[in-house]
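*Asks:* Questions regarding the structure given below will be posed in turn.
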Amino acid sequence: GVTSVLTIAIKFILKLTSPWYDARYLIPMSGMILGNMISSNSLLLQSLIKEFIHHKDIIEYYYLAYGASYMEASRSAIFSSIELSLVPIINNLSVVGIVHLPGMMTGQILAGQSPRAASMYQILILFWIAASVGFSVLTMTGLFVRKGIFDLHNHALKSSSTKVSGYLAQEEKINDKKSNKGKK
């Protein structure tokens, strides 16, 4: 996914004379992409876990007990988690060039590149990052829901997801105790 997008962008859109795997292209571009993907995927997983914990009873006793597939049972959790994980890249796309100038574009302008060429590269890279983030979020959602949450053979949530909910419940109790101490 990421490799093919990287190859297409460097080779055909930027029309570089050097090989696409040259370190001066590959390292900064893959760093920008992977950094954004990690942020979005961590938001996604955190949100998915919380959604499945808060709606565990509804998923198990309403959807799964009445024969819904694992995708039907988890649809609302998946949609809200994907929406939350894409907020940072959507916000970044909505304000770039108007509110702030990204580092790559500023660096190119300071190095003597024309503002038009610098903005062209920046737009390309931002769309490239957005596509990679979207692809990674969808892939991670499918893998996590199918392999990490549901036991497809028994048509139920995995017992390990109960362990995760127990861990988060303990964490919430600790946070409640800390907030109550601060009020005194």
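*Asks:* I need two numbers for the range 104-156: Rg to one decimal and Dmax as a whole number, Cα atoms only, in Å.
*Replies:* Computed over the Cα atoms of the range 104-156, radius of gyration and Dmax are 19.9, 63 Å.
*Asks:* Taking amide H atoms as placed 1.01 Å from N in the peptide plane, list the residues 5 or more away in sequence, or in a different chain, whose amide H sits under 5 Å from that of F150.
*Replies:* Close amide H contacts, sequence-distant or interchain: K158.
*Asks:* Which value, in nm² and rounded to one decimal, describes the direction-averaged projected area of the C-alpha convex hull of the range 59-108?
*Replies:* Values: hull surface 19.0 nm².
If you wrap the Cα atoms of the range 59-108 in a convex hull and average its projections, you get 4.7 nm².
Quick note: the coordinates plus some simple rules give every number you see, no bench work behind them. Just so we're clear, the structure is a prediction, and the values are computed from it rather than from any experiment.
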